[in-house]
Amino acid sequence: MRYLVVSDIHGEMEKFERVLDKASYRPEKDQLILLGDYVDRGPQSREVVKKVKELVENDGAIALKGNHDDLFIRAKDDKKAKAQWEMNGATSTFDSYNQNAEEVREDQEWMRNHLWLYYETDNYIFVHAGLKPKTPLEKQDEFTMLWTRHTEQIGLGKTVIHGHTPVREIAYYEDQIDIDTGAVYGGKLTLLELPTHEVYTV
């Protein structure tokens, strides 16, 4: 079985579909793992969220929560989170929903109930932003998992796969790999295949 990993789609629906095609994604043979930040800044946040829902519900994809998704979810009930979301790309997201507040609320609730903070296998830990170094997984906090930019060795005996911090090309650190290659900033959307480390970009 292949693990196919994508992060920081940010409303770039066309790139997302193309990179899945390029990797010849087949749900019956592949485990798709999405590392979060589906919304904000790009033009088609709504379409990306719908696609993520379809992949989770029909294909068994694992969808993690990113910091932008967290703000999107919490904006429903938290004024401070709503204000922070508005400063971080909410306009493009709301526009993609054609200002349909009811549909936004439905997707906020779905994401609240279906997005994971991290996913662990025998050899890897998948998370949106990263982990605190030298800290057991059960003692990690949500803020770190969504917002950190640590690049030093994590030291948990597994490779940490994350996005969040845009890099020009996939960045390999001691025991972590950053796969956010800045799709929404004019860069590429990257899909990493594991365990082969084959890289697909669009």
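Side notes on the structure shown:
- Considering residues of the range 51-72 that are part of a helix (DSSP H, G or I) and in contact with a Leu (Cβ under 8 Å, 6 or more places away or on another chain) only, the residue farthest from Thr165 (Cα to Cα): Asp59
- Yes/no for Gly182 being among the small types (Gly, Ala, Ser), surrounded by fewer than 22 Cβ atoms within 10 Å (Cβ to Cβ) and in contact with a Lys or Arg (Cβ under 6 Å, 6 or more places away or on another chain): no
- Residue match in the range 152-173 (condition: surrounded by fewer than 17 Cβ atoms within 10 Å (Cβ to Cβ) and of a type in the set (Phe, Trp, Tyr)): yes
- Taking the criterion of being closer than 20 Å to Arg41 by Cβ and either among the basic types (Lys, Arg) or assigned to a loop (DSSP other than H, G, I, E, B) (or both), the residues of the range 73-82 that qualify are Arg74, Ala75, Lys76, Lys82.
- Test result for Ile125, within 14 Å of the chain's Cα centre (by Cα) and over 21 Å from Val49 (Cα atoms): yes
- Within the range 1-50, the residues that satisfy the criterion of being part of a loop (DSSP other than H, G, I, E, B), more than 14 Å from Asp107 (Cβ to Cβ) and either without any contact (Cβ under 8 Å) to a residue 60 or more places away in the chain or of a type in the set (A, V, I, L, M) (or both) are Met1, Ile9, Ala23, Ser24, Tyr25, Arg26, Pro27, Glu28, Lys29, Leu35, Pro43.
- Listed by position, the helices (runs of 4 or more DSSP H) contained in the range 90-202 that have at least 3 residues being closer than 24 Å to Pro43 by Cβ and at pLDDT below 95 are 90-96, 101-114.
- When the test is whether a residue is among the hydrophobic types (A, V, I, L, M, F, W, C), surrounded by 19 or more Cβ atoms within 10 Å (Cβ to Cβ) and in contact with a helix residue (DSSP H, G or I) (Cβ under 6 Å, 6 or more places away or on another chain), Leu191 passes it.
The values are calculated or read from the model by the stated rules, or taken from the named source; none is laboratory data. A quick note: this is a predicted structure, and the numbers were derived from the prediction, not measured. A quick note on method: Cβ atoms are made from the backbone with ideal geometry, for glycine too, and the neighbour counts reach across all protein chains shown.
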